[in-house]
Every structure is written in C-alpha cells, then in structure tokens.
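Here is the structure we will look at, set down as structure tokens.
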Amino acid sequence: MNKSVLVFFAFVFCNALMWSQQLKPQAQYNMAIIGFWNVENLYDTLNDRWKNDEEFTPEGTNAWNGTRYRHKLNHLSEVIAQMGKEISPDGPAVLGLCEIENKFVVSDLIHQPALIARKYQLVHIEGPDFRGVDPSFIYNPKYFKVQQAHAIPVKLITDTAHRTRDILMVKGLFLNEPTVFFVNHWPSRRGGEMASRPNRNRAAQILRRVCDSLLQLEPELKIVIMGDFNDDPINESIKKGLITSGNYQSNTAHVYYNPMEQLYADGIGSLAYQDSWNLFDQIIINKPWIQPEFNNWGIYKARVFNKPFLKSDFGNFKGYPFRTYSGGSYTGGYSDHFPVYVIIAKKLN
C-alpha cells in the first residue's frame, strides 16, 4: 500500500461523520478518494472549426482570452488540490471531469502548480457533442493503472440529429483490484425535464447493459459510475434505469448502491436553479464495494465539496456555486457545480 495514503483511527471520525457503514472504534484503516466534477466549460481560447466553440474565443460573446483561461485553470486546480485532503494527502486518487473541450486543456490543468507534484495522468476521447465538450478522467498512477479505455455512444430519442456526449469507460487496476470507471454527462433537460426524460433513460439503459455484460465475464469487478446525470438520485433514469438504492444494506449484484441518495434527502445539492437545489452530480457503485468488515477496499461516505469559498457571496445567486459566467457576465468563479467525492477505506491487518 502507498505510504502516502493516510491511516486513520475509526474513533476520530465516528463522532465527526455519519458513515454509511460504521468503522470499528479500535481498528485502523487506509483511506482514499474517488471524485467527480463538472468544471463548467473548460475551453481553450482557439477556434476549432469542427466544434461550436466560437463563444469561447477572444472575439466571441464570452471574450474568452488567455488571462481568463489561466485564471480558470488556477481556480480549478486549487479546488482539486483541496478535495478530500483531510482524508488523504494525495487528494483524489481518480477524478472524473466533464465539460472538457479537449485533452490539451486537461493537460494544462494537471500541470498547474497546485497539482503537478501529484503527477496526474489523463484519459480523454474526443466525442460527437455539438458543443465540443466531453467527459474526461485524471488519475494518480500510484493508485490506478489503466488497461483500456473506450467511448460508449449515446443516441438521443427526442432529437436524433442532436449529437450528445459519449460515456467514457476506463478499466484497469485500482489499488491492485480490477475496477472500471464510467464518466458520464447525460443529455440535458433542454425542452423540459419531462420532454427530455427519454434521453436520460436511454443513457441509463445503455450504461447498465454494458455493466451487466462486464459482470458476466468478471462477477467481482468493481464498478464506479460517476457523472453529471442531469437527474437527481430519485429520478427514473437513476432508480429504474441504472437500478439503484440509497440503502447499502439492500445492495445486491442487481441493485447498485447510490450513497448520494441520502445526501439528496437531506437537502444537499451540487447545483442550484431558481432557489432549488439539485444533486445531478453523483457517484454510484456496485456490490463488491460493500465491505461490512472492510477487509478489502469498500465505500464509507459520500460528500459534496461545498466549502464557503466555492459559493457566490453576493446578489441573487448568493450561496449558489460561484460560477465563471453568470447572466452573460464574467464573474471569474470556479464552476456552476460543486465537486463530489466518496471516501473508501480498507482495514489494516
């Protein structure tokens, strides 16, 4: 096990955190972080003729220039550097991202001063999205070894001519255990939640079929489904499409565990709209992650990283995520979504 993964005593956290599964008071554990963040339009400043990115150029409506781009990278890297650092000094062992224009902006991000010491590596596959943004994946090679990566296409039902984002699949060894990560950014609610619902249901069905096929070959494969689903944990695409439960005790090989469901029930969100909070950003796992005794790596706690500095402190959007643009004006914030992450643990022998 990497020495950089912190070892904690269970009793330190039992009073401070409400764990999904309880730690034994006298046991010791290794901890690690799995995260996801919709970083809100991470574009470079160049006009790519194959993408609808004109607004994110110096001449475009957002007046997106080198100064603003570098400011955004600095902001994002500072947040990623802090995510889960009280649990592990390495922060996220792996981190899914979405609204990424290309692999070059991810490379710029992981080479920021706040992150460069972690030596993150990246996986990015260009997809068909008409805006040119895709899911992406960064990982610390001390924790994860990539074996293969694929893009899983998603076709819309309500508008077959509209090109939406692929699902990014990255498979390998995470902490020496076979694991597959799926990074999602499902179809938006454009046209209304009800009218657009079939598109997200379709994405869920496609992803679940892929998961089922993988598990037929490797029944003990660990699955992590992360992303901005444009749906809450209780919506049909999540509950019936992916087949999830918010109760880890009811988790089976067929029913996946969604630790974000309880956060949503508690009124905790990752984005806000018209004074209402949503928890579109979620991390969902399958049965092998449920480890009551934690003799192997298992899931403990889900969190929304919503520190005060990530919140707007003025105007009508006070308390909302502090975003880069608001109402068409540049505000120089971080993102219109808060990051999310889960804490995983393994008992020391």
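The values are calculated or read from the model by the stated rules, or taken from the named source; none is laboratory data. Being a predicted model, the structure only gives us computed values, none of them experimental. A quick note on method: Cβ atoms are made from the backbone with ideal geometry, for glycine too, and the neighbour counts reach across all protein chains shown.
Things worth noting here:
- Residue within the range 294-302 that is in a strand (DSSP E or B), buried (at least 16 other Cβ atoms within 10 Å of the Cβ) and either in contact with a His (Cβ under 7 Å, 6 or more places away or on another chain) or basic (K, R) (or both) present: yes
- Residue within the range 53-63 that is modelled with pLDDT of 95 or more and under 17 Å from the mean Cα position of the chain (by Cα) present: no
- Considering residues of the range 156-174 that are in contact with a strand residue (DSSP E or B) (Cβ under 7 Å, 6 or more places away or on another chain) and in a loop (DSSP other than H, G, I, E, B) only, the residue surrounded by the most Cβ atoms within 10 Å (Cβ to Cβ): R165
- Close pairs (6 angstrom Cβ cut-off, 6 or more residues apart or separate chains): in contact (Cβ under 8 Å) with a residue 12 or more places away in the chain in the range 219-232, surrounded by fewer than 23 Cβ atoms within 10 Å (Cβ to Cβ) and among the basic types (K, R) anywhere: N230/R189
- For the residues V180, V146, the requirement of being in contact with a helix residue (DSSP H, G or I) (Cβ under 9 Å, 6 or more places away or on another chain) and either of a type in the set (A, V, I, L, M, F, W, C) or free of Cβ contacts under 8 Å to residues at least 24 places away in the same chain (or both) singles out V180.
- Residue in the range 228-235 that is of a type in the set (D, E), assigned to a strand (DSSP E or B), crowded, with 19+ Cβ neighbours inside 10 Å and at pLDDT 95 or above present: yes
- The range 303-330 - residue that is outside any loop (DSSP other than H, G, I, E, B) and more than 22 Å from the chain's Cα centre (by Cα) and, of those, nearest to I343 (Cα to Cα): F317
Residue by residue, here is whether (1) modelled with pLDDT under 95; (2) of a type outside the set (D, E, K, R); (3) under 21 Å from Q282 (Cβ atoms) holds:
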| site | (1), (2), (3) |
| --- | --- |
| D90 | no, no, no |
| F104 | no, yes, no |
| R118 | no, no, no |
| R131 | yes, no, no |
| H150 | no, yes, no |
| P153 | no, yes, no |
| T160 | yes, yes, no |
| L168 | no, yes, yes |
| L173 | no, yes, no |
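- Residue check: I238 meets all listed conditions (1) crowded, with 17+ Cβ neighbours inside 10 Å; (2) in a helix (DSSP H, G or I); (3) out of contact with any strand residue (DSSP E or B) (no Cβ under 7 Å at 6 or more places or on another chain) but one, namely (3).
- Residues that are crowded, with 16+ Cβ neighbours inside 10 Å, of a type in the set (A, V, I, L, M) and either modelled with pLDDT under 95 or not in a loop (DSSP other than H, G, I, E, B) (or both), drawn from the range 244-273: M260, L263, L271, A272
- Set P153, P187: member being more than 21 Å from A345 (Cβ to Cβ) and surrounded by 23 or more Cβ atoms within 10 Å (Cβ to Cβ): P187
- If only residues of the range 274-290 that are among the hydrophobic types (A, V, I, L, M, F, W, C) and crowded, with 22+ Cβ neighbours inside 10 Å are counted, the one that is farthest from N184 (Cα to Cα) is W289.
- If the condition is being under 15 Å from M260 (Cα atoms), touching a helix residue (DSSP H, G or I) at 6+ places or on another chain (Cβ under 8 Å) and either part of a loop (DSSP other than H, G, I, E, B) or aromatic (F, W, Y) (or both), then the range 331-349 contributes F338, P339.
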